[in-house]
Amino acid sequence: MTAPPLTGPARVATGHAARSLRSRRSLADWSPAPDRPDPVAALLAQEPPRIPALLPLRHARMAATPFAFYRGSAVVMATDLAGRPATGLDVRLSGDAHLSNFGFFAAADRRVVFDLDDFDESLPGPFEWDLLRLATSCILAAREMGASQGVGLTAARQAGAAYRQSVRERAARTALTNWYAREDALALGAWVKRDRLGRVMRTDLRKDRAAARGLTTWSAVTSLTKGDGPTRRFVDKAPTVVRLGLTSPVGRAVVDIVEHYVAASPPARREAMSRYFIVDVGHKVVGVGSVGLMDFIVLLRGPIRDDLLILQVKQAQESALSGVTQVPDEGSYADRVVTSAALIQPDPDVFLGSTRSATGVPFYVRQLRDMKWAPDLTTLTSAGLVEYAQLCGHTLARSHARTGDVLALDAYLGRSGRVERAAGDFAVAYAKQVRSDTATFRAAAKSGALSSATTVDGDELVAGLATALGLC
């Protein structure tokens, strides 16, 4: 704070100089290195902290489609990108900025906003890693929804164009304006009008916000629990949900984790939590890349009959980027996730906080399904995919403007379409690599080198949870 920051011209010069480190045209380059690590080995190296009973399910979900494999293999792409030249224009990366990691959720003032919503892999790094991961996901999503590669390429380039144009706009704003900016209904409406986006985008945004508003705490309660009033408890829906209860060793350990979270919370959150008490505990399997990590759900009741709250207590692990960026985690892995959310989102979940088990396993806590919603990409039209990609590119630019040097970014990106064309070309080439890696992964499953199943033995799962928590 005592030393003045670089002047505007110096920051612009930094952006121009970055083109000599990695030209905009070279963003398109992809070919696997001769010594490229085996993707299956890289993924298996991530599995020791995970619950063994859930690993076959993880493998089955990843093998389902190339896009599903992509969602679960951030470490593979991070390693590939780290082997390329970098611009040196660092931001707080999402680390996994594919289309399915954006969505709607409720801000603290209960307005529905759109933003990145997954920070498990987040760390500082070159901005282009996020942009290229987003672009590649457009190609893979188009294939998954049955659209042509041309549709995917258009979506990838439009995501890049929206990113570049939004960076330019934010470069003209004050630092605090960028810090406070969020993608709520007002901001999104102004962006759609200004950029002359089509009727599909305007209609879809209205529908999407309405869908998000319907996914309240009560919708989670009704879908995950049964009973009435004080008897309401989680329902076993294996493999997705396994009820643990409060008296089991694992259930008691989860209660201790939540109590530690509350005790370490800021005064305002601690005061809000003092109105609630825990009535049940379960374990929930979500997503693709997170399968195998402990992910508990906790049902709490307030002072009146239907005052219910469900918290998610999710195990945090080392970022997929940490081995290639050499950037250490801040505190625990869970602290890094919480810090990343605060840096990237203007309105992080008011319940988001870090904690740990009695044996030191890091967890982060957040509210489950607080108007959190993202579209099913397979249901989008071709036009809908392109415009959704634009929305994600626009939102990624806001994230990077908060955590990076937006003037340098703007100077690097420039005013031509070179960056988005290069991002699209990279995406086509790297999506082909992902399809090849998926085939390799499927072959490993077929050969028995890794297990694959869509069912989970509940007893094995509970035993694995107990072992991971140091209870046996």
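Checked against the criterion of being within 25 Å of V286 (Cα to Cα) and under 25 Å from the mean Cα position of the chain (by Cα), the candidates T438, T403 yield just one match: T438. Kindly check whether there is at least one residue in region 8-19 that is among the basic types (K, R) and not in a loop (DSSP other than H, G, I, E, B). Within region 8-19, one or more residues are among the basic types (K, R) and not in a loop (DSSP other than H, G, I, E, B). Annotation: of all residues in region 452-464 being part of a helix (DSSP H, G or I) and out of contact with any Leu (no Cβ under 8 Å at 6 or more places or on another chain), the one that is modelled with the lowest pLDDT is G458. Select from region 141-168 the residues that are more than 23 Å from the chain's Cα centre (by Cα) and not in a helix (DSSP H, G or I) and list them in ascending order. Across region 141-168, the qualifying residues are G146, A147, S148. Taking the criterion of being hydroxyl-bearing (S, T, Y), within 24 Å of V221 (Cβ to Cβ) and either surrounded by fewer than 21 Cβ atoms within 10 Å (Cβ to Cβ) or touching a Leu at 6+ places or on another chain (Cβ under 9 Å) (or both), the only residue of region 328-382 that qualifies is Y364.
In region 97-134, the residue that is modelled with the highest pLDDT out of those that are small (G, A, S) and either part of a strand (DSSP E or B) or outside the structural domain of V167 (by TED's automatic domain parsing) (or both) is G125.
Scanning region 236-278 for residues that are under 25 Å from the mean Cα position of the chain (by Cα) and among the charged types (D, E, K, R) yields K237, R269. When G72, G8, G83 are checked against the criterion of being surrounded by fewer than 14 Cβ atoms within 10 Å (Cβ to Cβ), closer than 17 Å to L132 by Cα and touching a residue at least 40 places away in the same chain (Cβ under 8 Å), G83 stands alone in meeting it.
The residues in region 21-60 that are in a helix (DSSP H, G or I) and closer than 29 Å to G160 by Cβ can be counted, and the count is 8.
One residue alone among A97, A156, A78, A171 is within 16 Å of E387 (Cα to Cα) and in contact with a helix residue (DSSP H, G or I) (Cβ under 6 Å, 6 or more places away or on another chain), and that residue is A156.
The values are calculated or read from the model by the stated rules, or taken from the named source; none is laboratory data. Here the structure is a predicted model, which is why all the values come from computation and not from measurement. Cβ sites come from the backbone with ideal geometry, for glycine too, and all protein chains shown count toward neighbours.
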